[in-house]
1. With of a type outside the set (D, E), in the same structural domain as V164 (by TED's automatic domain parsing), under 23 Å from R22 (Cβ atoms) and in a helix (DSSP H, G or I) as the only criterion, which of A91, A74 stands out?
2. Out of curiosity, is A157 under 19 Å from G35 (Cα atoms), assigned to a helix (DSSP H, G or I) and of a type in the set (A, V, I, L, M)?
3. Quick one: count up the residues across segment 130-164 that are surrounded by 15 or more Cβ atoms within 10 Å (Cβ to Cβ), among the hydrophobic types (A, V, I, L, M, F, W, C) and under 27 Å from K81 (Cβ atoms).
4. If you go through segment 15-58 one residue at a time, how many are among the aromatic types (F, W, Y) and either in contact with a Phe, Trp or Tyr (Cβ under 7 Å, 6 or more places away or on another chain) or more than 26 Å from V147 (Cβ to Cβ) (or both)?
5. Name the residue that is farthest from T240 (Cα to Cα), counting only residues in segment 299-327 that are in contact with an Asp or Glu (Cβ under 9 Å, 6 or more places away or on another chain) and hydrophobic (A, V, I, L, M, F, W, C).
6. Would you confirm whether or not segment 211-231 contains a residue that is in a strand (DSSP E or B), among the charged types (D, E, K, R) and under 30 Å from E323 (Cβ atoms)?
7. Sort through A267, A320, A287 and tell me the only one that's touching a Pro at 6+ places or on another chain (Cβ under 8 Å), crowded, with 20+ Cβ neighbours inside 10 Å and not basic (K, R).
Amino acid sequence: MAKPESAPAPRRPGAREQTYRRIYPLRVIGMALGGLAIASVLVEQHADPWRWGLMVASCLLWPQLAYVRAWLSANSYATEKRSLLIDSAIAGMWVPLLHFSLLPSVVLVTVTTFDKLSSGMRRLWLASLPGLFGATLLTTLIVRPPVELQSSLLVIACTLPLLVVHTLSSSIGSYRLIRTVSRQNKLLEVLQRTDPQTGLFARDHWQEHANDALQRFHATGQPACLLMIDIDHFKNINDTHGHLAGDEVIAAVGQLIRDSIRAEDSAGRYGGDEFAVLCRNLHASDAAAIAERIRSQLQTLRLAHHPQIRLTSSIGLASAQVEFSSLQAWMKAADTALYAAKERGRNQVAERNLPLALGFPI
């Protein structure tokens, strides 16, 4: 008997579907403050009850209705988008109903249009303009209101809260957006300069450090050394134990190198199974001690998932010299020393221009 299939788990709503929840409190506050500005004009105009009822419906009841519509909708995002267009039509309708009172009319139109810009919905502000101006024109043709542009002190005082609160909320939103973008840029910068597999510097970023050290050597004579480190027989590890084992080796060696160098040194993954270390303010003898520490500790390294693997390394060392006019020349010298270590039997440190190698060949 076949096992019945279990019902699929309900899908968690994403940020897009939750847009109406984010907009709801902003609409409630904005409409209420807009209602305050509208009420101040209606008081001075001794408005008919129907205009007061329309103010209550559009400024107090509409935000609740818009929320319920989106909550019940199968596509809450599209419904909320339509509600935002209705917001603009409501603002446009009130311009002639306020007899074109200049300050509240301009503030209502400006605020509702800016809200479309800050919603993040592409070209929504442009899509809202026909409804805004269409509602203004249609209401004007129906009501045929007189034009009273002046705004009294009462109207100004009741309109300012909407202007101030909206400005503050927009500024806070912009500040948060800037902070978010700044954090994301910093994270992206870290990711770009870091090798994700080892946590060491990526090749380009490490080369910037090494080039700066070489330039400082030429300018001030401050010593520096390069170590080029290669895992011996790494291809055999991949072929015998698989690439997952090779990845574990790379990560473990990167951690070992990071733990073996000083805080002022810079270690990077140069490519594949090759690593590079910049030893700042060190002469060759001291840098050779660091290289030997890396080599000897690597022999004792045991992997968590492949403890049977034994690792060794070949290391080339080159100190900064006047003859190195570029980083490429300096790295070539360290690379030449690395290949000398390999030719002498691997598992050793070879220094440029030294006839003997440090360490023990295998």
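The values are calculated or read from the model by the stated rules, or taken from the named source; none is laboratory data. All values reported here derive from a predicted model rather than from experimental measurement. Glycine gets a Cβ as well: all are built from the backbone with ideal geometry, and neighbour counts include every protein chain shown.
1. So the residue among A91, A74 that is of a type outside the set (D, E), in the same structural domain as V164 (by TED's automatic domain parsing), under 23 Å from R22 (Cβ atoms) and in a helix (DSSP H, G or I) is A91.
2. yes
3. 5
4. 2
5. A318
6. For segment 211-231, residues in a strand (DSSP E or B), among the charged types (D, E, K, R) and under 30 Å from E323 (Cβ atoms): present.
7. Values: A267 fails: touching a Pro at 6+ places or on another chain (Cβ under 8 Å); A287 fails: touching a Pro at 6+ places or on another chain (Cβ under 8 Å).
A320 is the lone residue from the list that is touching a Pro at 6+ places or on another chain (Cβ under 8 Å), crowded, with 20+ Cβ neighbours inside 10 Å and not basic (K, R).
Residue-by-condition table, conditions (1) closer than 18 Å to R293 by Cα; (2) outside the structural domain of L338 (by TED's automatic domain parsing); (3) out of contact with any helix residue (DSSP H, G or I) (no Cβ under 7 Å at 6 or more places or on another chain); (4) modelled with pLDDT under 90:
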{"position": "D195", "(1), (2), (3), (4)": "no, yes, yes, yes"}
{"position": "Q207", "(1), (2), (3), (4)": "no, no, no, no"}
{"position": "D212", "(1), (2), (3), (4)": "no, no, yes, no"}
{"position": "T220", "(1), (2), (3), (4)": "no, no, yes, no"}
{"position": "I229", "(1), (2), (3), (4)": "yes, no, no, no"}
{"position": "I237", "(1), (2), (3), (4)": "no, no, no, no"}
{"position": "A252", "(1), (2), (3), (4)": "yes, no, yes, no"}
